[in-house]
């Protein structure tokens, strides 16, 4: 190999390495849920949002581009190669122990939690990963939950929902943990999930 070509090859290799390092890689597999419907899971409607969206939109004014299903929202801060989209999750959960429940939502960018139509946690806007908390008094029985989320500019995402039940420890909120006892009436015959 010519002495004159060696520096050119080194420069090309260094450029290629820098380009690969700068590329944002999507995590393998589904990030915000599975596309396979699951009974008793959150159903998330996925939306494309206009560039420079600065707050949670009114999702009713958009047409969904897909659906995802999951029982828990546990997507800690990570690189992600997509931007300007939103997911509006809805689901039902059953409370056996009435009392004050604390919910904590960590998002990058914006999100909010509503239970039975009332905003419990508001964490909106375009921002780095940020955590907000709210408290709600829940009665025994079925409750409706809506978790709305939007992703602004790349490169980072985060969506983590945690709960601290009365006299319990804080943990990731999972619909599987909030299922009714066998003798409880089912809400509008919606199927439930149980741990094996």
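Can you put 116, 183 in order, fewest other beta carbons within 10 Å first?
Ordered by Cβ neighbours within 10 Å, fewest first: 183, 116.
Kindly state, as a whole number, the per residue volume in cubic angstrom of the convex hull around the alpha carbon atoms of the stretch 77-138. Walk me through the numbers on the way to the answer.
Numbers: hull volume 6.4 nm³, N = 62.
It is 103 Å³ per residue.
Can you compute the equivalent ellipsoid semi-axes for the stretch 26-189, i.e. the square root of 5 times each eigenvalue of the Cα gyration tensor, sorted largest first and rounded to whole Å? Before the final figure, lay out the partial values.
Details: eigenvalues 141, 60, 41 Å².
They are 27, 17, 14 Å, listed from largest to smallest.
Report the relative contact order of the stretch 26-189, percent, no decimals, based on alpha-carbon pairs under 8 angstrom and at least 6 residues apart.
Reported as a whole number, the value is 28 percent.
Taking the simple approach of a point 7 Å from Cα along Cα-to-Cβ for both residue 170 and residue 60, what is their distance in nm?
For residue 170 paired with residue 60, the spin-label model returns 3.4 nm.
Viscosity 0.692 mPa s, temperature 37 °C: Stokes-Einstein D of the stretch 106-196 from its Kirkwood Cα radius, in µm² per second?
The Stokes-Einstein estimate is 220 µm²/s.
Values quoted throughout were computed directly from the atomic coordinates according to the rules given, and no laboratory measurement underlies them. Note that this is a predicted model, so its numbers are computed, not measured. Quick reminder, even Gly has a Cβ in these numbers, built from the backbone with ideal geometry, and neighbours come from all protein chains shown.
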